[in-house]
Amino acid sequence: MKTITPLVRPGSSLRSRHSSLDIVALLIALTLIAIVCVPLIQVVVGMVWKDGGFSLEALERTLAIPDLGSLVFNTLVVVVVSSACAVVIGFLLAWANQRTDARLGILNDILPYLPFLLPPVAGAVGWTMLLSPRAGLLNAWIRDALSLVGIHMESGPFDINSWYGLIMVYTIYAVPYVYMNVAAALASFDSSLEEASRLSGASYLRTLRKVTLPTLAPSVGAGFLLCTWFGFGMFSIAAIIGTPAQIDVIAVRIVNLLTFSYPPDEDLALGLSAIVMVFVGISYYVQFRILRSARFGSIGGKGGRHGIIKLGPWKPVVRGLVLLYVLVSTILPMAGLFIVALNGYWTPNVDWSGLSFEAFATTLVRDPSTREAFMNSMGLGIVGGFIGIMAAALVSLYVQRRRTLLAQGIDVAIKMPASISNMVIAVGILLLLGREPFNLGGTWIILLIGYLALYLPQASIASDASVAVVGKELGEASTVSGAKDWKTFFRVYAPLMLPGLVGGWALLFIRIVGDLTASAILSGTENVVLGFRILEVFNGGSYAELAALSSTLVLITGTVLFFVIVISKRFGVSKTQ
């Protein structure tokens, strides 16, 4: 009987050697890692090395800042309190959506993410238009309502330029980070664990404390950690809302030292960046302790089931609270932006019959600086989104196909920027590429590199999900049939990954176009981008133009998101037919 030689020897993998596709993916991965790691090394080295020798001048000058104590205190209060509030709100939203009958179908899956549709810089401007003490639209409407019952006020009752205003807006943008972690955990949570606890005689509160929370602690801890990373690197909200309230935070001080000081004070910027790195490290340690303390909590595997709580008469109440949160967090600031832009000037006495698009025409058509900023941001968003998601897709495919220690290390390194403040990365890139020998300060190239470094983790997560949908079997079947790696990629992987990659591109586009952290540090007067232009207009006090700019940014991100949803559904349906 003739022996048939197998295509793949037992004990060997289908890919025993690196192909050209693997080599390209490795080169891309190393390049992406270098974009992040080298600037970080620059920050660390810059703290102790100056003019060719060891020096602690940067550290000494940083510790000698007169208001360093209040600067650190303000930053910690804003970040920690907003993160704690976000954990509570995000947990409750996830619980209502996953564990009760109050959910509104697919609408509930979309609503908690709506704040991402409103970039932080636009959201901060919108809340300023609504809750400024005297001219805020919402404040004026509340005063008018109170006057009907005999309560007359000259200003207020709310003031967005305050501690509670700043923390509120930080919280709104941090909630989605908690929600997406807790909702995913609740979707896999086996409610029989809670039922067993209740049958053993434990009360609801004891079951919550001993069973539910320990099991969900890793997800809650991950959400809190993401919130703190977001908070330490957030510049736009603190600049627009905190600065008028004289609440100084580290992120704003770093930007002022590098952008609005002449000459730029790099030593102090490095010292403050190092302080941010310390606090980020402490946040990571806190999450590590949470994970260790939750080692006895587990989620059921096969046979796990979800217990849906019947709320009865409380069902419309819970639904109403969810919709109220969406109204407050997203719809209200959007409405404030559009009303001021259409009115032509910022006043609580809106001329509803005289609304027009004149402010949009003045801002977008007749102002060459704004027009250039839009073109630059759109170009960077399109190009950066495409480069980022395609590079991340190749790296994710390599990690999925290989499953080696090298692949796992690359995957961790690619996602590393998520654990580091955006402010620190942007400072490192400026110090590395903005001066000799590169002299790329203010150019398209340094902005593109900065955006890729900051938003690489988002691209990696999106591409990981796209690759996971395809799986390894189809690629292996294509290879066994004789197809080369690149043909397999373009004929098998790319078409099936397309819906997820389009969504990943949209995420990168929205984040790049609405970015203010990297834009404030890396952009120059010759290559102004939209985020930095909004900050300029805000400082100049042209509120109608500011509202028009922010409204247009919301329209762009909303339009892109809408078309991405349509395209993804169409491709998703066509691939399954």
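The values are calculated or read from the model by the stated rules, or taken from the named source; none is laboratory data. Model, not experiment: these values are computed from the prediction. Counting neighbours? That spans all protein chains shown, and the Cβs are built from the backbone with ideal geometry, glycine included.
Observations on the structure shown:
- Some residue of the range 65-75 being under 30 Å from I387 (Cα atoms), modelled with pLDDT of 80 or more, of a type outside the set (S, T, Y) and loosely packed, with under 15 Cβ neighbours inside 10 Å: no
- Positions within the range 214-233 being within 16 Å of L71 (Cα to Cα) and touching a Leu at 6+ places or on another chain (Cβ under 9 Å), in sequence order: G233
- If the condition is being touching a Leu at 6+ places or on another chain (Cβ under 9 Å) and either at pLDDT 75 or above or closer than 30 Å to G428 by Cβ (or both), then the range 291-319 contributes V317, V318, R319.
- Inside the range 77-105, residues that are assigned to a helix (DSSP H, G or I) and surrounded by 17 or more Cβ atoms within 10 Å (Cβ to Cβ) make up a count of 20.
- Residue within the range 251-264 that is at pLDDT 80 or above, closer than 18 Å to V81 by Cα and buried (at least 24 other Cβ atoms within 10 Å of the Cβ) present: yes
- Selection count where residues are crowded, with 24+ Cβ neighbours inside 10 Å, modelled with pLDDT under 80 and part of a helix (DSSP H, G or I), scope the range 505-517: 1
- Within the range 445-469, considering residues that are within 17 Å of L516 (Cα to Cα) and out of contact with any Gly (no Cβ under 8 Å at 6 or more places or on another chain), the one surrounded by the most Cβ atoms within 10 Å (Cβ to Cβ): G450
- Taking the conditions (1) closer than 30 Å to D248 by Cβ; (2) modelled with pLDDT of 80 or more; (3) outside any loop (DSSP other than H, G, I, E, B); (4) not charged (D, E, K, R) in turn, I160 satisfies each one other than (3).
- When restricted to residues that are touching a residue at least 12 places away in the same chain (Cβ under 8 Å) and among the acidic types (D, E), the range 30-66 contains 1.
- Scope the range 224-260; condition at negative phi and without any contact (Cβ under 8 Å) to a residue 12 or more places away in the chain; matching residues: T243, N256, F260
- The combined condition, being more than 20 Å from V399 (Cβ to Cβ) and either among the aromatic types (F, W, Y) or not in a helix (DSSP H, G or I) (or both), is not fulfilled by Y493.
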